[in-house]
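Data block below; observations after.
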Amino acid sequence: MRNAPGRPPLPNRKVTAMAPVRLPADAELPLLRARVADLSDRALVVGDPGRAARVAERLDDVQQLTANREYHVYSGTHRGVPVTVASHGVGAAGAAVCFEELARGGVTRIIRSGTAGGIQPEVVDGAIVVATGAVRADGVSHQLVPTEFPAIATPELAVALKAAAAKTGLEVHSGIVLTGDMFYPSDVITGIDHRMWQRAGIVAVEMEASALFVIASLHGIEAGAVFAIDGNPLAAKDDAMDGYDPYREIVTRAVDGALDTALDVLIAD
């Protein structure tokens with residue numbers, strides 16, 4: 001639109017996007033407490049610090065870099081390829097700190113391996129789920145981008161994770177997962193309507209993937225997620241989760257399968 005005669009020129013309203021932060025090699029990540037120079041460009045992230053230690057046992061030339069709060073960080077190699085392993089705790093808000101700092105530290109591929117609850121009737125204990133995207137029912141991603149912004153995995157990683165998971169011999173599903181902040185249900189309000197999401201085709205429910213996918217998109221890096229199913233409250237008719245037990249052998253096998261799957265795809269070209 002041209003200016004009206006006699007009026008001053010309109011100001012330049014060009015908006016410049018904020019570039020993702022990248023820290024120098026000698027910097028220390030504020031909460032992960034790891035030096036940028038000690039990070040690989042590929043990171044496997046898990047919720048449980050104990051599970052991060054289990055991953056570290058699979059690596060060669062491994063060393064623990066830091067242990068601060070829920071964030072335990074290791075470095076090592078898998079089949080000769082340098083990798084970083086970090087725990088992020090439970091829930092999207094704390095996990096987002098981990099994902100953001102890894103991205104700021106120069107990590108260009110992040111794969112999350114964790115546990116999830118099945119939503120579809122056939123997604124039961126001991127299966128593996130590969131996420132193609134996530135419903136953003138978390139509390140942090142809406143403070144980063146508008147609600148309409150999608151949370152999607154890097155397509156090539158999702159395809160590779162599904163193929164690698166098939167080699168474990170375990171049952172494998174893929175699709176959109178639900179990321180929510182609620183773990184145990186309340187008897188006061190309904191909370192997340194899992195049956196509605198089941199009708200919508202959601203495969204499983206977990207607590208961090210949407211934050212990972214959004215943060216990875218904002219930084220222009222790759223992200224994927226693979227989960228071991230540790231129960232299905234809808235299939236078990238256990239809405240109160242009284243029977244929840246993630247320490248059974250069938251779950252342990254799925255956790256190991258998901259970790260091996262994530263590591264193999266993490267180092268792939």
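The values are calculated or read from the model by the stated rules, or taken from the named source; none is laboratory data. Fair warning: this is a prediction, and the values are worked out from it, not measured in the lab. Please note: Cβ atoms are built from the backbone with ideal geometry, for glycine as well, and neighbour counts cover all protein chains shown. Side chains are part of the model used for accessible areas, which takes the heavy atoms of the whole protein and leaves out ligands, DNA and RNA. Shrake-Rupley method; radii C 1.70, N 1.55, O 1.52, S 1.80 Å.
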Exercise. Extending each Cα 7 Å along its Cβ direction at M182 and Q64, get the distance between those two points in nm, one decimal.
Key: 3.6 nm
Quiz item: How many nm separate the modelled label positions at V90 and M196, each set 7 Å beyond the Cα in the direction of the Cβ?
Solution: 2.5 nm
Quiz item: How big is the Cα convex hull of the chain in projection, averaged over all directions, in nm²?
Solution: 18.6 nm²
Quiz item: How big is the shadow of the Cα convex hull of region 138-263, averaged over all directions, in nm²?
Solution: 8.7 nm²
Quiz prompt | Cα-based radius of gyration of region 64-214 once divided by 2.2 N^0.38 Å, which approximates compact folds | solution = 1.08
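With 14 Å as the cut-off, how large is the P(r) tail for region 106-155, expressed as percent of Cα-Cα pairs?
Cα-Cα pairs of region 106-155 separated by over 14 Å account for 65 percent.
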Quiz prompt | Relative counts (whole %) of C-alpha pair distances in region 142-206, using bins that are 5 Å wide | solution = 3, 13, 17, 20, 20, 15, 8, 4, 1
Quiz item: Per the Debye formula with a single identical scatterer at each Cα and no solvent contribution, what log10 I(q)/I(0) holds for region 80-120 at q = 0.34 Å⁻¹?
Solution: -1.33
Quiz item: Lys/Arg Cβ at +1, Asp/Glu Cβ at -1, dipole of region 204-244 taken about the Cα centre: which of A235, A211, I221 is farthest positive-ward?
Solution: I221
Quiz prompt | Dipole magnitude of region 31-173 about its Cα centre (Cβ charges: Lys, Arg +1; Asp, Glu -1), debye to nearest 20 | solution = 240 debye
Exercise. Enumerate the calculated ³J(HN,Hα) couplings along region 255-269 in order (Karplus 6.51 cos²θ - 1.76 cosθ + 1.60, θ = phi - 60°), each rounded to whole Hz, writing x wherever the residue is Gly or Pro.
Key: 4, 4, x, 5, 5, 4, 4, 4, 5, 5, 6, 4, 9, 5, 6
Self-check item: Kirkwood-type radius of region 27-153, with distances r between different C-alpha atoms, in Å
Solution: 15.5 Å
Quiz item: Roughly how many Å² is the accessible area per residue of the chain, as a whole number, for a 1.4 Å probe?
Solution: 49 Å²
Quiz prompt | Computed [θ] at 222 nm, deg cm²/dmol, the chain (DSSP H ≥ 4; -39,500 (n - 2.57); rounded to nearest 500) | solution = -7500 deg cm²/dmol
Quiz item: Tell me, how many Å apart are the Cα centres for region 61-130 and for region 205-269?
Solution: 10 Å
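If you stretched the chain out fully between A37 and V145, how much longer would it get, using 0.36 nm times the residue separation minus the C-alpha to C-alpha distance?
35.9 nm
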Quiz item: How far is helix 92-104 tilted off the main Cα axis of the chain, in degrees rounded to 10, range 0 to 90?
Solution: 60 degrees
Quiz item: When the accessible area of the chain is computed with all protein chains present and a 1.4 Å probe, what percentage of it is carbon and sulfur?
Solution: 54 percent
